[in-house]
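Down below is the structure, laid out as C-alpha cells.
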C-alpha cells in the first residue's frame, strides 16, 4: 500500500523502549530523524526495570567481555554528555567456588581470561571470607575478585538516553504496539497501535527484547531464534543486619557462585538474592515463581547462615539469547533496512554504551567505533 503524503515519515523507527532501543535511538538521532515506539504504556517496563543492573568486567563470552570493557569509559562520558547523575557505583564482585565442580569451573574461567584487562583475579578462601564476612567460615574452596565491577543506575541511564534522544529531535511513542511492518518501495511502513497509524521510514531497528522475533515475523523477516529465559530475584530481610558490614564498614561485595547456582548482594539492610535461573519461556510479562524464590533463599542461606526466611518482594525478568549467546546486530541480506539489535542476554545494561554505538554504525554504514574491536558483520544474523 503506498504511503500518502499526510502520513508521518522518519528516517528510522526503533521498536522497543528498553535500554537497547533507547540507547541506539539516541545514537542514531545524532544525524537522522528517529521515532522510538513502545507497546507498553510506559518505557522500560520489562527487562530493563527488573535487572540486577551490574557492570562486571570478565562477565560472559569473550565478545561480550570486549563490549563490557569498551562500555566502562563510555559510562563516564555519557554522564557529561547526557547530564546524568553518576551511573556506576563501585562494588567488587566476588566469584566463589563452594564445591569441587565449582573449583574446576572457576579455574577454567580464570585460565580463559588470563591476561585480559579487568579479568577476575584469584584470591585465597581466607581473603574471600575477609572481604565478605557474611559467608560461612570454611564454605569457600576457591575464589576470585573483580575489583572494577560496579552497580549501574539503570533507571538513570535509560532516562538520560531518552532525554538525549528528545534533545536531538527524536520522538517517543508509548502504548503503540507494532501490529504490522511491510516493505514500501525502498523503505518500510509500520502500523502502530489499535488504530493502525501508518509511519513510513527508511529503516526499522528491531530492539524489542524478548519480542524481537515476534516483530520480525510481523515484517515477514526471518526470526533469529531468540529464547527468552526467566530470571528470578528476591529482596529478603536479614535478621541481624550487622552481619552485612564489610571489613571496612562499607558494603559487601556482590557474591556470585562459580557454578552460577546463585548470587547475592547487599541492598540496604536486606539482601538481594537469585538462584541465577534461566527458565525458557515465551515472551510475556514475567512473574516470579515461588519455587525459584525458595531455591534462592535455600542456596544463599546454605553459604551464609544469615537466617534468611522473610521475603520483602520478588520479581522476574526475561533475558533473551540466541544459540551462541552473543548479541545480534544487523540485517538479513534479503531484507535490507530491517536491523536487529537483540539477544543481549544478561548483559544488556552493562554493554549498552558500546553496543549502541556499534549498532548505530551498522545501521548508518559509518565506521565502527575504534574502541569496539569488531567488524560490522561480527554480530550479523547470517552467522546463526
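Things to note:
For every residue, the table says whether it meets (1) more than 19 Å from the chain's Cα centre (by Cα); (2) over 30 Å from residue 214 (Cβ atoms).
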{"residue": "233", "(1), (2)": "no, no"}
{"residue": "284", "(1), (2)": "no, no"}
{"residue": "296", "(1), (2)": "yes, no"}
{"residue": "305", "(1), (2)": "yes, yes"}
{"residue": "309", "(1), (2)": "yes, yes"}
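- The strands (runs of 3 or more DSSP E) found wholly in segment 85-134 and carrying at least 1 residues that are surrounded by fewer than 18 Cβ atoms within 10 Å (Cβ to Cβ) and within 26 Å of the chain's Cα centre (by Cα) occupy 88-90, 121-123.
- Hits in segment 263-283 - residues which are under 9 Å from residue 230 (Cβ atoms) and loosely packed, with under 13 Cβ neighbours inside 10 Å: 280
- The residues on offer are 181, 256, and the sole one that is modelled with pLDDT of 95 or more and more than 20 Å from the chain's Cα centre (by Cα) is 181.
- Residues of segment 287-323 that turn out to be in contact with a helix residue (DSSP H, G or I) (Cβ under 9 Å, 6 or more places away or on another chain), within 30 Å of residue 382 (Cβ to Cβ) and assigned to a loop (DSSP other than H, G, I, E, B), as a count: 1
- Test result for residue 58, within 30 Å of residue 271 (Cα to Cα), in contact with a strand residue (DSSP E or B) (Cβ under 9 Å, 6 or more places away or on another chain) and not in a helix (DSSP H, G or I): yes
- Taking segment 214-230 as the range and being touching a strand residue (DSSP E or B) at 6+ places or on another chain (Cβ under 8 Å) and closer than 17 Å to residue 179 by Cβ as the test, the residues that pass are 215, 216, 218, 219, 220, 221.
Quick grid of which residues meet (1) surrounded by fewer than 18 Cβ atoms within 10 Å (Cβ to Cβ); (2) closer than 16 Å to residue 205 by Cβ; (3) assigned by TED's automatic domain parsing to the domain that holds residue 25:
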position	(1), (2), (3)
314	no, no, no
331	no, yes, yes
340	no, yes, yes
359	no, yes, yes
365	yes, yes, yes
371	yes, no, yes
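- Identity of the residue in segment 26-55, part of a helix (DSSP H, G or I) and touching a helix residue (DSSP H, G or I) at 6+ places or on another chain (Cβ under 9 Å), that ends up surrounded by the fewest Cβ atoms within 10 Å (Cβ to Cβ): 49
- Pairs meeting the criteria (first residue in segment 288-303 and farther than 14 Å from residue 272 by Cβ, second residue modelled with pLDDT under 95 and assigned to a helix (DSSP H, G or I), beta carbons under 9 Å, at least 6 apart or on different chains) are lacking.
The values are calculated or read from the model by the stated rules, or taken from the named source; none is laboratory data. Since we're looking at a predicted model, the values are computed, not measured. Here the Cβ is made from the backbone with ideal geometry for all residues, glycine too, and neighbour counts use every protein chain on show.
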